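> One structure coming up, written as structure tokens, with questions to follow.
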Amino acid sequence: MKYSSVYEELIRDINEDIKANIISPDDTLKVIRKRKAVSENYHPIIDYYYADSHPEQKHELMLVKDVLQEMVYHCMLAK
């Protein structure tokens, strides 16, 4: 599966969470990336957690709006 199709699903999920007032664009998410780079040292986002969650995997903190921007950008590149 190409990561752009995964991104489309994650984008939809995040936008639904924003519409439901679960998160806002300025909230922080814990982002999990694929360990193996897919191109030019890019490690795609494979999952995310809310700030109050405690994922066991290595993660990075990102603003919701930055996560969306990155995923939308890479979806556009894939088309």
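> With +1 on the Cβ of every Lys and Arg and -1 on the Cβ of every Asp and Glu, and nothing else charged, how large is the dipole of region 3-78 about its Cα centre, in debye rounded to the nearest 20?
Roughly 300 debye for region 3-78.
> Using only alpha carbon positions, build the gyration tensor of the chain, then give the equivalent ellipsoid semi-axes as the square roots of 5 times its eigenvalues, largest first, whole angstrom.
Those come to 20, 16, 10 Å.
> Now a separate question. Along the charge dipole of the chain, pointing to its positive end and built from +1/-1 on Cβ of Lys, Arg, Asp and Glu, which listed residue (ASN41, ALA20, LEU68) has its Cα farthest out?
ASN41
> Separate question: Would you check the chain for Lys pairs whose C-alpha atoms are within less than 26 Å, ignoring same-chain pairs closer than 8 in sequence, and give me the count?
Close lysine pairs found across the chain: 17.
> Let me ask something else. PRE reach from GLN57 (point 7 Å along Cα→Cβ): which of region 14-29 fall under 19 Å by backbone N?
14-15, 28-29
> Mind telling me which of SER24, SER39, SER53 comes out most flexible in a GNM of the chain, alpha-carbon contacts under 10 Å?
Among SER24, SER39, SER53, the largest GNM mean-square fluctuation belongs to SER39.
> Now a separate question. Under a 10 Å cutoff between Cα atoms, tell me which one of ILE11, ILE46, ILE22 has the largest fluctuation in the Gaussian network model of the chain.
Of the options given, ILE22 has the highest mean-square fluctuation.
Only the coordinates and a few stated rules stand behind these numbers; no lab work does. Just so we're clear, the structure is a prediction, and the values are computed from it rather than from any experiment. Cβ atoms come from the backbone with ideal geometry, glycine included; neighbour counts cover every protein chain shown.
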